[in-house]
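Enquirer: Before I ask anything, here is the structure I am working with.
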Amino acid sequence: MHTTAIRSLPTLTPVRRGFVRRNLPYLLIAPSVIMLLALIAYPLLFALKSSFYFWNLQVGPQPLAFVGIDNYVQALDAFDFRAALTNTLILSVLGTAIEFSLGLAIALVLLKALPGMNVVRALLILPTTIAPIVVGFLFRYLYDPGGGLVTWVLQSLWLPVPAEGILGSPTTALAAILFVDIWQWTPFFAIVLYASLLSVPDEIIEAARLDRASAWTILMRIKLPLIRRTATIIVMLRFMQIFNTFDTVLVLTRGGPGTSTRTLGYSLYEQGLVNFNVGLVSAQTWITVLIVNVIIALYVFFAFRNEEW
């Protein structure tokens, strides 16, 4: 490909032709790198600079004073932000664990030669194709205390439903948002894990069965170790996605009641686009970035420390 590209430029001098030959790969990826820097690096650096200033657009269009780390101290001292961090960690850890477990169970079922599995596989991916905000509106009606399907099912099973509704009670609202995420993204785990399990050689499975290994032993000692890299990566990606949860919270509860469903994503939205507190939201952004990077760095270290690439 490089030779074809260079031959298409017959007017180049030998010196320039050599330069292009040596640097063509870098020239080809340069637009993507520039775009990446423009969309990620610049906003982060802008937020880092803004986090050291008192800057509220309701007061003035420009930063008013250098305040050092006061915005960071204010963010960490704020009960709302700490509650948002706690809720986000709960959603991320529980959501990832439950979705992985259910996804693995569904993937194992899909491996069975049962009737209609082709249709099931096609339908399974549908929830992940729906925009999260649309899913939020869907479950908003399903959770409606005046006749929502989920409310009706729970009442039919004689399970307690709060008088203020599932989304109106601090004890059930966060679990309701977690259920929405599980419903939408468990199929993602199922499809990816199913594809990974298909790559496990049948010869190894047959040999294990001849040695009278149980299904549980085959799963834990053969299948999971062979798909470990894929599983580890999708768990990491999904954890980061849930950590950024915003759409469903905005539609379903707006962080309420109280701070029971406030997440870091919603907290950043409220401080930045509702209160227009640029300095404070910039500090919260960098605190969030640091927390995510520390968690992912530790996860990658322990998950891949014995891997050979």
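Enquirer: What figure in square angstrom, to the nearest 10, would you give for the accessible area of Leu290 with a 1.4 Å probe?
Expert: Near enough 100 Å² of accessible area.
Enquirer: A further question on this structure: If you average the alpha carbon positions of the range 66-118 and of the range 150-202, how far apart do those two centres end up, in angstrom?
Expert: Here the answer is 13 Å between Cα centres.
Enquirer: Per DSSP helix of 4 or more residues, -39500 (n - 2.57); summed, then divided by the residues of the chain. What does that give at 222 nm, rounded to the nearest 500?
Expert: After summing the helix terms and dividing by residue count, I get -20500 deg cm²/dmol.
Enquirer: Report relative contact order for the chain in percent, whole number only (criteria: Cα-Cα under 8 Å, sequence separation at least 6).
Expert: Result for the chain is 29 percent.
Enquirer: For the chain, set up a GNM with springs between Cα atoms under 10 Å and report which of Glu206, Glu164, Glu99 has the largest fluctuation.
Expert: Glu206
Enquirer: How much accessible surface does Arg228 have with a 1.4 Å probe, in Å² rounded to 10?
Expert: Approximately 90 Å² of Arg228 is accessible to the 1.4 Å probe.
Enquirer: While we're looking at this one, here's another question. For the range 93-139, what class follows from the C-alpha gyration tensor (a ≥ b ≥ c being the square roots of its eigenvalues): rounded when a/c is under 1.5, otherwise prolate if a/b is larger than b/c, else oblate?
Expert: Here the range 93-139 falls in the oblate category.
Enquirer: Accessible surface of Asp70 in the full protein assembly, 1.4 angstrom probe, to the nearest 10 Å²?
Expert: Answer for Asp70: close to 90 Å² accessible.
Enquirer: Report in % the part of the accessible area of the range 136-226 that belongs to carbon and sulfur, leaving out ligands and nucleic acids; probe 1.4 Å.
Expert: The value for the range 136-226 is 65 percent carbon and sulfur by accessible area.
Enquirer: Under 5 Å between amide H atoms, partner at least 5 residues away or on a different chain: which partners does Thr259 have, H built in plane at 1.01 Å?
Expert: When sequence neighbours closer than 5 places are left aside, there are no close amide H contacts.
Enquirer: May I pose another question? List every DSSP H helix in the chain whose Cα atoms extend 24 Å or more along the helix's own long axis and whose mean Kyte-Doolittle hydropathy is at least -0.5.
Expert: 14-36, 79-110, 173-198, 278-304
Enquirer: Could you give the length gained on full extension between Val119 and Ile133, defined as 0.36 nm per residue of separation minus the Cα-Cα distance, in nm?
Expert: Length difference between fully extended and current span is 2.4 nm.
Enquirer: How far is the Cα center of the range 235-309 from the Cα center of the range 12-43, in Å?
Expert: 33
Enquirer: What order do you get for 279-287, 88-96 when each peptide is scored by the mean count of other beta carbon atoms within 10 Å, highest first?
Expert: The densest-packed peptide leads the list: 279-287, 88-96.
The values are calculated or read from the model by the stated rules, or taken from the named source; none is laboratory data. All of these numbers come straight from a predicted model, not from anything done at the bench. We place every Cβ from the backbone using ideal geometry, glycine too, and count neighbours over all the protein chains shown. Keep in mind that these areas ignore ligands, DNA and RNA; they rest on the heavy atoms of the full protein, side chains included. Shrake-Rupley method; radii C 1.70, N 1.55, O 1.52, S 1.80 Å.
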